[in-house]
1. Restricting attention to the stretch 168-241, which chymotrypsin sites (Phe, Trp or Tyr not before Pro) occupy a DSSP loop and are surrounded by at most 11 other Cβ atoms within 10 Å?
2. Just want to confirm a number: the relative contact order over the stretch 1-121, from Cα pairs under 8 angstrom separated by 6+ residues, in percent.
3. Show me, for the stretch 411-425, the HN-Hα J-couplings you get by feeding each phi into the Karplus relation (A = 6.51, B = -1.76, C = 1.60, θ = phi - 60°), rounded to Hz, glycine and proline as x.
4. HN-Hα J couplings of the stretch 248-254 from phi, Karplus 6.51/-1.76/1.60, θ = phi - 60°, integer Hz, Gly and Pro as x?
5. Which FRET efficiency value, to the nearest 0.05, do you get for R472 and S151 by plugging their Cβ-Cβ distance into 1/(1 + (r/R0)^6) with R0 = 25 Å?
6. Please list the equivalent ellipsoid semi-axes of the chain, computed as the square roots of five times the alpha-carbon gyration tensor eigenvalues, in descending order and whole angstrom.
7. Compute the angle between helix 460-472 and the longest alpha-carbon principal axis of the chain, please, reported from 0 to 90 degrees and rounded to the nearest 10.
8. What distance in nm lies between label points placed 7 Å from Cα along the C-beta direction at T185 and D249?
Amino acid sequence: MLIAAAECAPFVKVGGLADVVGALPKYLKKLGIEARVIMPLHRQIKEKYFDQMQHICDFQASLGWRSQYVGVERMEFDGCVFYFIDNEFYFGGPIYCGGEFEGEQYAFFTRAVMDCIPQLDFQPRILHCNDWHTAMMPLLVKTQYQGGMQSGLKTVLTIHNLKFQGQFSHEFDRDLLRVDDSLATPQFIEHYGCDNMLKAGIVFADKVNTVSPTYSQEICGPAMGERLDGVLRSRGGDLWGILNGLDNDAWDPRTDPELPVHYSAENLEGKAQVKAALLEELGLAPAPEGEEVPVIGMVGRLTPQKGIDLVKRVLDEIMAENVRVIMLGSGDAEYEDFFRDAENRYKGRLCSYIGYNGPLSHRIYAGSDLFLMPSLFEPCGLSQIIAMRYGTLPIVRETGGLKDTVHPWNEFTGEGNGFSFANYNAHEMLDCIRYALYTWWNKDAREILVKNALATDYGFDLCARTYAEFYRTLGA
Ligand code: ADP
């Protein structure tokens, strides 16, 4: 199996896609399935790991009228094999730069991957593509590589986020990837006047999946189908919803090297110490002597998807409660400015860390009491799963993977691992936050909830087993 993706942890990570692609080969290996990853040799990776890589081959790939250098490098990491496509012109800048150049970068990557397959030191039978950046590969397998070694490949497309589709003019695709004019029809790749790369993957892949059961249902309807619901419905039983898992080894409060103190369900004292150290690290006021104060954490991309508009709407009401708030994230300028301003207005009680900081994220997951994630939509979401793994109670909107993983607290039965609300409405979220705070102040309820959250297991083993079953349906 060859897994093609734009990002993969720990090499480069923008979002949950990287976590999943990083963990999948490791956990498939435990099941006796060999999976290797192929990805761009982004500048950050070249700087850090190039001297550990072995050169496999190089050749020129044709990209329309251009002829471009392709270097293929190989590296073993954590018992798995990774291939990297080297080209400094395409991968010397940001991972996702947007616009037409991003389309060209990944058209190049697509061609490079397809052309290098016969030269690799193993022969995959399945090509597992991820999101629009690699979604043209199934189309190329079926329309341009028949007769070649690649023609026997079965293809799978995983949709990590339907919102991003890779829409370009047909002239662009024809020029770069030699996509035949006969394919530029609604039956294949044409979509509302453009070629749509994600649609190409949905139409041409042998199987398609998304990253949670609820999201796989939601995207088959017009409200959340991002105008691809009809195409998705047409794939019927070929569309699976496989819940992402968490790499429990990489996220473990008992061993996490980013934490100043370790803890477990049996001994939670360390969690309080991590919280105190976190408040100090970020310059937030501790609770007055002999008292407590709940910390609400947030980690994620600052985009409309993450429900930031709801937070903007009622932040003042949230801050009227006895709380500390920590937000780590970057994204849309409007949201970044809002949080910078909020930090000024609530000095010592609210910290906005604008940027990307992996180590700090670990301390926020561990040192917070509650974790807010009120997404507008959420294909799976890893942050809420990580929060629970650290005994931090998620407050989420009931959508996609959030609905599949967070079970709301039931004060009558003592069941539940967090809090949730149904509608995309700021005051409904506020009520839910207030209820979560009220519950947190009840020490008996808090203890049960924290134990329930820590007992929640969304480890990668189940996810890998489900992928194994999914691959088996291909008969490869
Ligand atoms: P998405 O893939 O939509 O961004 P997920 O919840 O699936 O959302 O995954 C996000 C991942 O990226 C999590 O592991 C989260 O901790 C991490 N992350 C997001 N923003 C930041 C940030 N600013 N700093 C550190 N880690 C971040």
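Where a number appears in this text, it was derived from the coordinates with a stated rule and is not lab data. Just so it is clear, the structure is predicted and the values come from calculations on it, not from any experiment. Every residue, glycine as well, gets a Cβ built from its backbone with ideal geometry; the counts of neighbours run over all protein chains shown.
1. Within the stretch 168-241, the qualifying chymotrypsin sites (Phe, Trp or Tyr not before Pro) (loop, at most 11 other Cβ atoms within 10 Å) are Y192.
2. Reported relative contact order: 23 percent.
3. 5, 8, 9, x, 9, x, 10, x, 9, 8, 9, 8, 9, 7, 8
4. 4, 6, 6, 10, 8, x, 7
5. Efficiency for this residue pair is about 0.75.
6. Working from the Cα gyration tensor, I get semi-axes of 41, 23, 21 Å.
7. It is inclined by approximately 30 degrees.
8. In this crude label model, T185 to D249 measures out at 5.0 nm.
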